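The values are calculated or read from the model by the stated rules, or taken from the named source; none is laboratory data. Computed from a predicted structure; not experimentally measured. Please note: Cβ atoms are built from the backbone with ideal geometry, for glycine as well, and neighbour counts cover all protein chains shown. The area values use the complete protein model at the heavy-atom level, side chains included, leaving out ligands, DNA and RNA. Shrake-Rupley method; radii C 1.70, N 1.55, O 1.52, S 1.80 Å.
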Amino acid sequence: MAAWATYLSLAAVLLLVQAVGRCSGAQDYDFFFLVLQWPGSYCDTRQSCCYPRSGKPAADFGIHGLWPNREDGSYPQNCNPDSEFDPSKVSDLMGSLRAQWPTLACPTNDGLRFWAHEWEKHGTCAEGVFNEHGYFQAALRLRAQLRVLDALRDAGVNPDGGYYTLAQIKDAIQRSTGFEPFVDCNRDESGNSQLYQLYFCVDAAGSRFIDCPVSPGGRPCGSRIEFPAF
Ligand code: 5GP
Ligand code: 5GP
């Protein structure tokens with residue numbers, strides 16, 4: 001066979017392998033970001049927020065999502081349109097989801113919309129390791145391991161409207177959990193930079209925390225970071 005023909009058949013085989021990989025839900029990511037949000041910082045912005053139907057959530061970090069990500073910083077999304085969120089598959093987790101993954105978006109709702117969005121956009125890209133129930137269970141379990149608010153409080157970083165440095169926040173969490181988070185800030189109504197989200201990294205199996213292979217981008221926090229009450 002001529003060299004070009006060999007080359008062409010190799011290329012065809014490669015394309016076929018890639019296509020089969022995609023169709024079989026093969027893993028197309030390297031790790032997860034577990035993203036936590038501080039409700040006080042979601043709510044005190046110009047946009048404001050709405051409490052879910054179950055009432056005002058606890059003053060604690062809630063889950064935003066568990067997001068498959070690649071080491072080059074890119075990420076897959078909406079990987080399986082056939083895998084719609086089905087609340088009946090997580091009925092045993094509803095109480096925990098309401099408490100630890102509360103929605104703050106308006107209009108007031110029961111959280112199903114937020115969870116459906118996260119499952120369909122991110123969860124479906126990890127169907128090789130998690131079905132829907134496993135995905136939500138893993139995020140809840142990982143969050144519970146961190147006890148981030150206790151870590152901050154123990155270091156004197158309290159949600160009291162005071163200002164802290166990025167180093168104070170990162171060091172407190174690193175000392176207590178062993179992992180340094182990425183800190184994402186947003187702005188309150190007056191334009192002050194405030195602690196909004198914390199990004200942690202989890203291995204591709206979704207089982208244990210790891211040092212982050214890449215930073216998530218996000219907004220810079222500046223030198224003074226408000227930690228608003230909720
Ligand atoms: P992502 O930013 O994960 O793509 O999308 C978040 C989506 O979930 C947005 O459409 C947002 O309106 C909705 N959402 C519902 N509740 C919340 C919440 O409590 N926090 C955040 N960040 N988004 C929420
Ligand atoms: P934002 O622009 O608010 O930071 O992000 C909007 C949405 O894009 C997030 O809620 C999330 O769904 C997705 N997203 C943003 N940054 C990342 C990232 O670094 N990794 C992943 N997997 N998703 C991200």
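Calculate, for the stretch 34-143, the solvent-accessible area per residue in square angstrom, rolling a 1.4 angstrom probe over the heavy atoms of the protein chains. Walk me through the intermediate numbers first.
Values: 4950 Å² over 110 residues.
Using a 1.4 Å probe on heavy atoms only, each residue of the stretch 34-143 averages 45 Å².
Across the stretch 72-89, rounded Karplus estimates of 3J(HN,Hα) from the backbone phi angles (6.51 cos²θ - 1.76 cosθ + 1.60, θ = phi - 60°) give 8, x, 7, 8, x, 8, 6, 7, 9, x, 7, 9, 5, 4, 10, x, 5, 6 Hz, Gly and Pro being marked x. Estimated purely from DSSP H runs of n ≥ 4, each contributing -39500 (n - 2.57), the mean residue ellipticity at 222 nm for the chain is -10000 deg cm²/dmol once divided by its residues. Among the protein heavy atoms of the chain, carbon and sulfur supply 51% of the accessible surface, probe 1.4 Å, non-protein parts ignored. Taking 15 Å as the straight-line reach from the Cα of residue 170, the aspartates and glutamates in range (excluding those fewer than 8 positions away in the same chain) are 150, 154, 180, 184, 211, 226.
In the context of the full protein assembly, residue 170 retains an accessible surface of approximately 40 Å², using a probe radius of 1.4 Å and ignoring ligands and nucleic acids. Charges were assigned to the Cβ only: +1 to each Lys and Arg, -1 to each Asp and Glu. The resulting dipole of the chain about its Cα centre is roughly 260 debye. In the chain, the inverse of the mean reciprocal separation of distinct Cα atoms equals 19.0 Å; this is its Kirkwood hydrodynamic radius. Put 29, 42, 75 in order of accessible area, highest first, and with a 1.4 Å probe you get 75, 42, 29. Counting every pair of alpha carbons in the stretch 36-107, the share spaced more than 17 Å apart comes to 58 percent. Straight-line reach from residue 121: which aspartates and glutamates have Cα under 16 Å away, leaving out those fewer than 8 places along the same chain? Result set, ordered by chain and number: 28, 82, 84, 86, 132. Local charge for residue 209 was computed over the other residues whose Cβ lies under 14 Å away, with Lys and Arg +1 and Asp and Glu -1, and equals +1. Coupling constants for the stretch 166-183 follow from the phi torsions by the Karplus curve (6.51 cos²θ - 1.76 cosθ + 1.60, θ = phi - 60°), and in residue order they are 4, 5, 4, 5, 5, 5, 4, 6, 4, 4, 8, 9, x, 10, 8, x, 8, 10 Hz; glycine and proline get x. Residue 91 sits with roughly 80 Å² accessible to a 1.4 Å probe, with DNA, RNA and ligands left out of the calculation.
Each residue of the stretch 54-64 is assigned a 3J(HN,Hα), and the resulting list reads 6, x, 5, x, 4, 7, 8, 5, x, 7, 9 Hz, derived from the Karplus form 6.51 cos²θ - 1.76 cosθ + 1.60 (θ = phi - 60°), x at Gly and Pro. Exposed loop sites, defined as GluC sites (Glu not before Pro) outside DSSP H, G, I, E and B with at most 15 other Cβ atoms within 10 Å, are absent from the longest region of the chain, namely 85-188.
Taking a cut-off of 21 Å, what percent of all Cα-Cα pairs in the stretch 148-230 are separated by more than that?
29
Projected onto its three principal axes, the C-alpha set of the stretch 98-176 covers 38, 33, 19 Å, listed from the longest axis down.
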